[in-house]
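The values are calculated or read from the model by the stated rules, or taken from the named source; none is laboratory data. Bear in mind that the values here come from a model prediction, so they are computed numbers and not experimental data. Because the Cβ atoms are built from the backbone with ideal geometry, glycine has one as well, and the counts that use them run over all protein chains shown.
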Amino acid sequence: MSKRDIIMIVLGLIVVAVLWAAPDETTPHLPMDDTHKEFHQIVKQDGKKAAEKFCKDCHGQPGMEFPPDHPDPNRCLFCHKATP
Ligand code: HEC
Ligand code: HEC
(Lines give C-alpha, C1' and ligand atoms only; values in the text may rest on other atoms or scores of the structure.)
(Ligands and ions follow the chains in the order given, each with its own letter.)
Protein backbone atom coordinates (compact mmCIF):
# COMPACT_ATOMS: atom_id res chain seq x y z
CA MET A 1 0.00 0.00 0.00
CA SER A 2 1.24 3.45 -0.82
CA LYS A 3 1.22 6.30 1.61
CA ARG A 4 -1.59 7.82 -0.40
CA ASP A 5 -3.79 4.73 0.02
CA ILE A 6 -3.32 4.87 3.75
CA ILE A 7 -4.27 8.54 3.85
CA MET A 8 -7.42 7.80 1.83
CA ILE A 9 -8.40 5.01 4.20
CA VAL A 10 -7.83 7.17 7.26
CA LEU A 11 -9.87 10.02 5.75
CA GLY A 12 -12.65 7.57 4.95
CA LEU A 13 -12.71 6.30 8.52
CA ILE A 14 -12.88 9.86 9.86
CA VAL A 15 -15.89 10.63 7.67
CA VAL A 16 -17.67 7.50 8.85
CA ALA A 17 -16.86 8.30 12.49
CA VAL A 18 -18.21 11.85 12.17
CA LEU A 19 -21.43 10.69 10.53
CA TRP A 20 -21.81 8.05 13.20
CA ALA A 21 -21.40 10.49 16.07
CA ALA A 22 -23.41 13.28 14.45
CA PRO A 23 -26.87 14.50 15.20
CA ASP A 24 -28.50 12.98 18.18
CA GLU A 25 -31.98 12.37 16.81
CA THR A 26 -33.65 11.53 20.11
CA THR A 27 -35.54 14.80 20.42
CA PRO A 28 -39.20 14.07 19.75
CA HIS A 29 -40.53 15.70 16.61
CA LEU A 30 -43.57 17.93 16.51
CA PRO A 31 -46.29 15.29 16.58
CA MET A 32 -48.44 14.85 13.49
CA ASP A 33 -51.76 14.49 15.28
CA ASP A 34 -55.01 16.44 15.49
CA THR A 35 -53.63 18.70 18.23
CA HIS A 36 -50.57 19.70 16.24
CA LYS A 37 -51.82 19.44 12.65
CA GLU A 38 -52.58 23.14 12.36
CA PHE A 39 -49.04 24.04 13.45
CA HIS A 40 -47.56 22.06 10.60
CA GLN A 41 -49.73 24.22 8.34
CA ILE A 42 -48.55 27.44 10.00
CA VAL A 43 -44.90 26.37 9.70
CA LYS A 44 -45.41 25.78 5.97
CA GLN A 45 -47.22 29.05 5.38
CA ASP A 46 -45.68 31.54 7.81
CA GLY A 47 -42.60 29.83 9.20
CA LYS A 48 -41.48 28.40 12.50
CA LYS A 49 -41.61 31.60 14.53
CA ALA A 50 -45.28 32.12 13.73
CA ALA A 51 -46.13 28.58 14.83
CA GLU A 52 -44.08 28.66 18.01
CA LYS A 53 -46.21 31.43 19.47
CA PHE A 54 -48.91 28.90 20.20
CA CYS A 55 -46.89 26.13 21.83
CA LYS A 56 -46.93 27.68 25.27
CA ASP A 57 -50.73 27.94 25.22
CA CYS A 58 -50.53 24.32 26.34
CA HIS A 59 -46.94 23.33 27.02
CA GLY A 60 -45.55 24.69 30.24
CA GLN A 61 -49.02 25.33 31.63
CA PRO A 62 -50.09 23.68 34.88
CA GLY A 63 -50.62 20.02 34.18
CA MET A 64 -48.33 20.14 31.13
CA GLU A 65 -45.05 21.25 32.66
CA PHE A 66 -41.83 20.64 30.82
CA PRO A 67 -39.73 17.78 32.17
CA PRO A 68 -37.18 19.01 34.71
CA ASP A 69 -34.28 18.25 32.37
CA HIS A 70 -35.89 20.08 29.47
CA PRO A 71 -33.67 22.76 27.90
CA ASP A 72 -34.73 26.39 28.01
CA PRO A 73 -38.05 26.20 26.21
CA ASN A 74 -37.84 28.80 23.52
CA ARG A 75 -37.67 28.35 19.78
CA CYS A 76 -39.38 24.99 20.16
CA LEU A 77 -39.09 24.09 16.51
CA PHE A 78 -35.31 24.40 16.38
CA CYS A 79 -35.21 21.22 18.40
CA HIS A 80 -38.62 19.67 17.80
CA LYS A 81 -38.55 19.38 14.03
CA ALA A 82 -41.81 19.87 12.21
CA THR A 83 -40.66 17.55 9.42
CA PRO A 84 -41.44 13.86 9.85
C1 HEC B 1 -53.76 22.77 22.18
C2 HEC B 1 -52.65 22.39 23.06
C3 HEC B 1 -51.28 22.19 22.43
C4 HEC B 1 -50.56 23.09 21.69
C5 HEC B 1 -50.97 24.51 21.30
C6 HEC B 1 -49.32 22.44 21.36
N7 HEC B 1 -49.28 21.19 21.89
FE8 HEC B 1 -47.72 19.88 21.81
N9 HEC B 1 -48.80 18.50 22.83
C10 HEC B 1 -50.07 18.69 23.33
C11 HEC B 1 -50.52 17.47 23.96
C12 HEC B 1 -51.88 17.27 24.63
C13 HEC B 1 -49.45 16.54 23.84
C14 HEC B 1 -49.39 15.10 24.32
C15 HEC B 1 -50.22 14.21 23.44
C16 HEC B 1 -49.86 14.32 21.99
O17 HEC B 1 -48.78 13.83 21.58
O18 HEC B 1 -50.65 14.91 21.23
C19 HEC B 1 -48.39 17.21 23.14
C20 HEC B 1 -47.16 16.64 22.83
C21 HEC B 1 -46.10 17.32 22.25
C22 HEC B 1 -44.77 16.79 22.06
C23 HEC B 1 -44.28 15.45 22.55
C24 HEC B 1 -44.29 14.43 21.49
C25 HEC B 1 -43.65 13.16 21.99
O26 HEC B 1 -43.35 12.33 21.14
O27 HEC B 1 -43.45 13.02 23.21
C28 HEC B 1 -44.03 17.74 21.46
C29 HEC B 1 -42.57 17.67 21.05
C30 HEC B 1 -44.89 18.88 21.26
N31 HEC B 1 -46.14 18.60 21.74
C32 HEC B 1 -44.48 20.05 20.67
C33 HEC B 1 -45.31 21.13 20.45
C34 HEC B 1 -44.87 22.33 19.78
C35 HEC B 1 -43.47 22.58 19.24
C36 HEC B 1 -45.96 23.17 19.73
C37 HEC B 1 -46.04 24.55 19.05
C38 HEC B 1 -45.81 24.55 17.61
C39 HEC B 1 -47.06 22.49 20.40
N40 HEC B 1 -46.62 21.26 20.81
C41 HEC B 1 -48.32 23.04 20.61
C42 HEC B 1 -50.82 19.85 23.25
C43 HEC B 1 -50.47 21.00 22.56
C1 HEC C 1 -32.73 23.25 22.89
C2 HEC C 1 -33.63 22.25 22.35
C3 HEC C 1 -35.10 22.30 22.77
C4 HEC C 1 -35.95 23.37 22.72
C5 HEC C 1 -35.66 24.81 22.31
C6 HEC C 1 -37.25 22.89 23.13
N7 HEC C 1 -37.16 21.55 23.43
FE8 HEC C 1 -38.66 20.34 24.06
N9 HEC C 1 -37.38 18.79 24.30
C10 HEC C 1 -36.04 18.81 23.96
C11 HEC C 1 -35.44 17.52 24.28
C12 HEC C 1 -33.98 17.14 24.09
C13 HEC C 1 -36.49 16.73 24.81
C14 HEC C 1 -36.38 15.30 25.34
C15 HEC C 1 -36.13 15.46 26.84
C16 HEC C 1 -36.27 14.20 27.58
O17 HEC C 1 -36.71 13.19 27.03
O18 HEC C 1 -35.98 14.26 28.78
C19 HEC C 1 -37.69 17.53 24.79
C20 HEC C 1 -38.93 17.10 25.20
C21 HEC C 1 -40.11 17.82 25.00
C22 HEC C 1 -41.44 17.31 25.23
C23 HEC C 1 -41.80 15.92 25.68
C24 HEC C 1 -41.86 15.93 27.16
C25 HEC C 1 -42.23 14.59 27.69
O26 HEC C 1 -42.76 14.59 28.82
O27 HEC C 1 -41.98 13.57 27.03
C28 HEC C 1 -42.32 18.31 24.93
C29 HEC C 1 -43.84 18.27 25.01
C30 HEC C 1 -41.54 19.45 24.52
N31 HEC C 1 -40.20 19.13 24.60
C32 HEC C 1 -42.09 20.65 24.12
C33 HEC C 1 -41.35 21.80 23.80
C34 HEC C 1 -41.94 23.09 23.51
C35 HEC C 1 -43.43 23.37 23.47
C36 HEC C 1 -40.90 23.94 23.28
C37 HEC C 1 -40.99 25.44 23.02
C38 HEC C 1 -41.76 26.25 23.99
C39 HEC C 1 -39.68 23.18 23.40
N40 HEC C 1 -39.98 21.89 23.73
C41 HEC C 1 -38.40 23.68 23.19
C42 HEC C 1 -35.36 19.88 23.41
C43 HEC C 1 -35.86 21.15 23.23
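Structure values in brief
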{"quantity": "Residue that is farthest from P28 (Cα to Cα) [pool: residues in segment 63-78 that are exposed (fewer than 13 other Cβ atoms within 10 Å of the Cβ) and hydrophobic (A, V, I, L, M, F, W, C)]", "calculated": "M64"}
{"quantity": "So G12, is it modelled with pLDDT of 90 or more and at positive phi", "calculated": "no"}
{"quantity": "Close pairs (7 angstrom Cβ cut-off, 6 or more residues apart or separate chains): farther than 15 Å from K81 by Cα in segment 41-61, assigned to a helix (DSSP H, G or I) and among the aromatic types (F, W, Y) anywhere", "calculated": "F54/F39"}
{"quantity": "Selection status of P31, outside any helix (DSSP H, G or I), more than 12 Å from ligand 1 (Cβ to nearest atom) and without any contact (Cβ under 8 Å) to a residue 40 or more places away in the chain", "calculated": "no"}
{"quantity": "Scope segment 34-62; condition more than 11 Å from ligand 2 (Cβ to nearest atom), surrounded by fewer than 11 Cβ atoms within 10 Å (Cβ to Cβ) and not in a helix (DSSP H, G or I); matching residues", "calculated": "P62"}
